[in-house]
Amino acid sequence: MRVFAACLSVALSLLVVSPALAQQQAEPIVGDPGDATASSARHPPDGASAAFYRSYARPERGKPRAEADGVWLLETDRGSGLAYPRLTARTDGKDVAPTNRLLEALHGRVIQNALERDSFAR
């Protein structure tokens, strides 16, 4: 469970401010609560966000990081430089695919939000 919590923690921290945004502007990805396009809480990522990630991203996987209850890594889109965690194994043997599908959709949404704000050039 700690690996999932670590991935979720990284995922949520990346939702708040992306590295590209931090360098170019002070506006967080999660902005005005009335802006449904900016908040993943108000407009959760879905299959379309995951499909966008699969068609757009040029992923590169980082080094696996072992924790007491599993292994995770950061997957970075080489075009945007935006990274998101992925689980690679759990010590309890449970399937990591459902969690990774959600993380992929979140990653896609972060990239979409950055593109909408012209936060990086591709």
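Laid out as a table, the results:
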quantity: Region 35-47, subset of a type in the set (A, V, I, L, M, F, W, C) and either touching a Cys at 6+ places or on another chain (Cβ under 7 Å) or exposed (fewer than 15 other Cβ atoms within 10 Å of the Cβ) (or both), residue modelled with the lowest pLDDT; calculated: A36
quantity: Breaking point among (1) modelled with pLDDT of 95 or more; (2) in contact with a Pro (Cβ under 8 Å, 6 or more places away or on another chain), for R109; calculated: (1)
quantity: Failed condition for A50, given (1) modelled with pLDDT under 95; (2) out of contact with any Leu (no Cβ under 9 Å at 6 or more places or on another chain); calculated: (2)
quantity: Restricting region 97-115 to residues that are out of contact with any Phe, Trp or Tyr (no Cβ under 9 Å at 6 or more places or on another chain) and in contact (Cβ under 8 Å) with a residue 24 or more places away in the chain, the residue that is nearest to R54 (Cα to Cα); calculated: R101
quantity: Number of positions in region 66-78 that are exposed (fewer than 15 other Cβ atoms within 10 Å of the Cβ) and closer than 28 Å to Q112 by Cβ; calculated: 1
quantity: Condition check for R86: at pLDDT 95 or above, more than 16 Å from E116 (Cβ to Cβ) and surrounded by 14 or more Cβ atoms within 10 Å (Cβ to Cβ); calculated: yes
quantity: Yes/no for T91 being among the polar types (S, T, N, Q) and more than 24 Å from P44 (Cβ to Cβ); calculated: yes
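The values are calculated or read from the model by the stated rules, or taken from the named source; none is laboratory data. Everything quoted here is computed from the prediction, not taken from an experiment. As a convention, Cβ positions derive from the backbone with ideal geometry for all residues, glycine included, and neighbour counts pool all protein chains shown.
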